[in-house]
Amino acid sequence: MDYILSGLIQAFELLFQGNPETYSAVKTTVLASSLSVVASMAIGSPLGFCLGYARFPGARPIRVVVDTLLALPTVVIGLLCYAFMSHRGPLGDLGLLFTIPGMAVGQTILGLPIVVALTANAVENLDHRLKRTLLTLGAEPHQLLLTSLWEARFALALAGAAAYGRIVSEVGISMMIGGNIKWHTRTITTAIAMETGKGQFAIGIALGLILITLALLVNLAMSRLKRLSGQ
Amino acid sequence: MNERLYHLENLTQVYGDRTVLDVDRLDIEIQTITGLIGPNGSGKSTLMRILAFLETPATGRVAFQGQPFSKVPLDLRRQVTMLSQEPYLLKRSVQANVSYGLKLRGISDTVHPVNRALLKVGLDPARFSHRSWRELSGGEAQRVALAARLVLKPKVLLLDEPTASVDRESSELIRHAALDARNRWGTTLIIISHQLTWLRQIADRILSMDYGRLTQVD
């Protein structure tokens, strides 16, 4: 037990003394996950809206595919992205491998099904009186769509928070696409995995505490958003 | 003779294999108040939705201001607005709810019209305009929804059981607001209500609907 306790004490020292290696991993994590959440929302919200709002042939099989992708393992995403981004792959010339944008691409693929599925659910669950109300107030089709999207804004933000929670805690994509390069692509999760393997519990615990704090903040945001959306 | 606003002929509406509306002929003249009574499921609300351009009839002819149903342009359709029994308020403030229709029409200066509309339905703008939708009682929400229609100064106001879930005071306010709309802007009103006494106080004529068919009430 002693080494865990001393690790915890050292972790607080690292955090309060502003250990550059620790904060480099935090910075990389926040940067990559923020990029990927923005991309997931930008791509996933309109797709989810169409899937939840429009009635078209094939909508149900698409929903099944999206729901299945929710369980996509991060290492599989990492593997696929690696195959595409490596020098021999079709995207090799873009030089995305072992970069933060490359990690963000993989994490976007991870977050996308979450955003699409939750947005589609949110739009499907919009009050059935909304459309009729907007039409009787004189809304044109584009005004109908924009207002419906705005009415679902809390649920959309909830989708973003859920995607962020999943992305920030993943390790497979960051490890395979980022390569865990110190000062460059090392994230909180890859650093924890590596430091624990080396027996360096202090830095692992310090990063773990930050990760838990991030998860707590995301959960608090989600609770607040759930209350606002009336769920 | 008054100008004819709506003209319906041989109108039917069908849901599945059930005919819910079967109207041989109905004319609604401008600036009149028509009351509609009848049991639940008799087709009143279906008729209202057709008059509000929310539903397309299965067969028959509907004309609004002389224009066939399918060719009524947006600016004419925007002269018609409807308040349902359980109105939906947007997840915004009272001010934003009441001004929504004006903004759709490109009107940006909405504060004074919204305040006037709130006063018409008996809500003090100073107390209510910044309240959130979730801070309103059922009766207040109903009045805010009515204000959101009145602010548009509509040519046609369709009210589907506007007094069903409000107290007597709100019911009187709604009656006054409806009459005021007719007197000020020449609004034509069609009102569904189960309260025949209330309806008699406001309507020029009352029609009864049963099994989708209309008859005049004496």
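Taken together, the values in this text are just the output of simple stated rules run on the coordinates, not laboratory data. Every value quoted in this text rests on a predicted model; they were computed, and no experiment measured them. Neighbour counts run over all protein chains shown; Cβ positions are idealised from the backbone, glycine included.
Structure above, values below:
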read-out	value
Rounded D (µm²/s) - chain B, Kirkwood Rh over Cα pairs, Stokes-Einstein at 25 °C, 0.890 mPa s	138
Principal-axis tilt of helix B:94-104 within chain B, Cα atoms, nearest 10 degrees	60
R0 of 22 Å, Cβ-Cβ distance B:SER165-B:SER132: FRET efficiency to nearest 0.05	0.60
Within the protein assembly as shown, percent of DSSP bridges classed antiparallel, to nearest 5	60
Extended-chain gain in nm, criterion 0.36 nm per residue less alpha-carbon gap, A:ARG60 and A:LEU217	53.1 nm
The stretch B:4-217: relative contact order in percent, alpha carbon pairs under 8 Å with at least 6 residues between	30
Contact order normalised by residue count of the stretch A:29-188, Cα under 8 Å, 6+ apart, percent	38
Cα-Cα over 26 Å, subset of B:LYS120/B:LYS155; A:LYS226/B:LYS120; A:LYS226/B:LYS103	A:LYS226/B:LYS120; A:LYS226/B:LYS103
Sorted by Cβ density within 10 Å, fewest first, the residues A:ILE77, A:ILE188	A:ILE77, A:ILE188
Förster radius 22 Å - calculated FRET efficiency between B:ARG213 and B:GLN85 (Cβ-Cβ, nearest 0.05)	0.50
Nearest-0.05 FRET efficiency for A:ILE181 and A:LEU5, computed from C-beta distance (R0 30 Å)	0.45
Diffusion coefficient, µm² s⁻¹, Stokes-Einstein with Kirkwood Rh over alpha-carbon pairs of the protein assembly as shown at 20 °C and 1.002 mPa s	83
The stretch A:29-188, Cα convex hull volume normalised per residue, Å³	119
Dipole axis of the stretch B:4-217 (+1 Lys, Arg; -1 Asp, Glu on Cβ), positive-most option in B:VAL111, B:GLY138, B:LEU157	B:VAL111
Shielding by partners - mean other protein chain Cβ count within 10 Å, residues of B:83-91	5
Helix B:138-150 vs. chain B, principal-axis angle (Cα, 0 to 90°, nearest 10)	80
Nearest-ten-degree value, helix A:141-151 long axis tilted from longest Cα axis of chain A	50
Inter-centroid distance (Cα atoms) of the stretch A:19-85 relative to the stretch A:154-231, Å	15
